[in-house]
Amino acid sequence: MKSKKILSSGIAAFVAVMALDASVWAATTEQVGASGKTYASSVVKCAADPANPDTSELSPVVEAGLYNPPIKASASVSLNQNPIATVTTANPAANVWLADGENKVVVALSKKTADSYAFNVQPGMCDLPDTSGNTFSADGTLEYAASGKSYATVTPGCALNPATGLAQPYVHLFDNGNYILNVSVNGVALTQLSSTRPHTPVFLSAGPNVISAANGYVSIDYYVRDGGDGTCTLP
């Protein structure tokens, strides 16, 4: 895969261990259980498992825990009937690493009150995309998709993300023609590029980020960028 060559060459972003930002996840992509007291991610994410620090491979993960917990609240989190963690008011969330296939995450407040969340993980969903057809400008500052329909800056800048109110690293993605490109980051839809909106900043979360630009069912452009710890210092 060219993505591995890019990472080793230092031209594009490096895959690093991902420190998951629980507060951002809970605020943006959550589902609340029937009890109204627990939640879990509504979307499966891909991240580097800190239990395996010697590999750059990504694994599927969700977050589960207490929703707006009162003082001294606690619950147990399990995956497929196996205990994973205990969450409390002080530490209300836990990352749950999933296996391929059907997964059942349960957040139990007591023997009588427990919320269940089902997740289906397709094999290979966290494999990094093949970017072997991408090319780079002579100065190494731009990466062009194999389709020729888009290109992106290589080195992240730093700017205030209006969506989070935080300074975050970002790259700029460009429509390289009058195409209609549906842009996503880590599987989450971001915006659409076209002749009337030919470019957009793409803010990066912590760790590896997969940016895609789909021209309908005709082609999909991929870029891999590392967001570090998901924060940066404005100049």
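Residues in segment 38-56: is at least one over 21 Å from the mean Cα position of the chain (by Cα) and at pLDDT 95 or above? Yes, segment 38-56 has at least one match. In segment 159-217, the residue that is nearest to Ser59 (Cα to Cα) out of those that are open to solvent by 50 Å² or more (accessible area, probe 1.4 Å), polar (S, T, N, Q) and over 18 Å from the mean Cα position of the chain (by Cα) is Gln192. When segment 135-158 is filtered for residues that are closer than 19 Å to Gly227 by Cβ, open to solvent by less than 20 Å² (accessible area, probe 1.4 Å) and of a type outside the set (Val, Ile, Thr), the ones remaining, listed by number, are Glu143, Ala152.
Rundown of residues vs (1) open to solvent by 20 Å² or more (accessible area, probe 1.4 Å); (2) of a type in the set (A, V, I, L, M), yes/no style:
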{"residue": "Val43", "(1), (2)": "yes, yes"}
{"residue": "Ile71", "(1), (2)": "yes, yes"}
{"residue": "Val87", "(1), (2)": "no, yes"}
{"residue": "Val96", "(1), (2)": "no, yes"}
{"residue": "Asn103", "(1), (2)": "no, no"}
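Ser78 satisfies every condition listed in (1) open to solvent by less than 30 Å² (accessible area, probe 1.4 Å); (2) in contact with a Phe, Trp or Tyr (Cβ under 9 Å, 6 or more places away or on another chain) except (2). Cβ-Cβ distances below 6 Å connect the following pairs, each with a first residue in segment 47-70 that is closer than 15 Å to Ala206 by Cα and assigned to a loop (DSSP other than H, G, I, E, B), a second residue that is modelled with pLDDT of 80 or more and open to solvent by 40 Å² or more (accessible area, probe 1.4 Å), and a separation of six or more residues or different chains: Asp49/Trp97.
Based on what the data block shows, is Ser35 at pLDDT 80 or above and more than 20 Å from the chain's Cα centre (by Cα)? Yes, satisfied. Kindly provide the set of residues from segment 218-235 that are open to solvent by less than 30 Å² (accessible area, probe 1.4 Å), out of contact with any helix residue (DSSP H, G or I) (no Cβ under 6 Å at 6 or more places or on another chain) and part of a strand (DSSP E or B), ordered by number. Ser219, Asp221, Tyr223, Arg225 - these are the residues of segment 218-235 that are open to solvent by less than 30 Å² (accessible area, probe 1.4 Å), out of contact with any helix residue (DSSP H, G or I) (no Cβ under 6 Å at 6 or more places or on another chain) and part of a strand (DSSP E or B). Filtering segment 117-133 to residues that are open to solvent by 10 Å² or more (accessible area, probe 1.4 Å), in contact (Cβ under 8 Å) with a residue 40 or more places away in the chain and either among the small types (Gly, Ala, Ser) or more than 24 Å from Gln31 (Cα to Cα) (or both) leaves Asp127, Leu128, Pro129, Asp130, Ser132, Gly133.
Working only within segment 146-159, note down all residues that are of a type in the set (A, V, I, L, M, F, W, C) and out of contact with any Ser or Thr (no Cβ under 8 Å at 6 or more places or on another chain).
Result: Ala152, Ala159.
Residues in segment 71-105 that are farther than 20 Å from Cys46 by Cα and of a type in the set (A, V, I, L, M): Ile71, Ala73, Ala75, Val87, Ala90.
The values are calculated or read from the model by the stated rules, or taken from the named source; none is laboratory data. A quick note: this is a predicted structure, and the numbers were derived from the prediction, not measured. As a convention, Cβ positions derive from the backbone with ideal geometry for all residues, glycine included, and neighbour counts pool all protein chains shown. Each accessible area value is taken on the protein alone, full model and side chains, heavy atoms only, with ligands, DNA and RNA left out. Shrake-Rupley method; radii C 1.70, N 1.55, O 1.52, S 1.80 Å.
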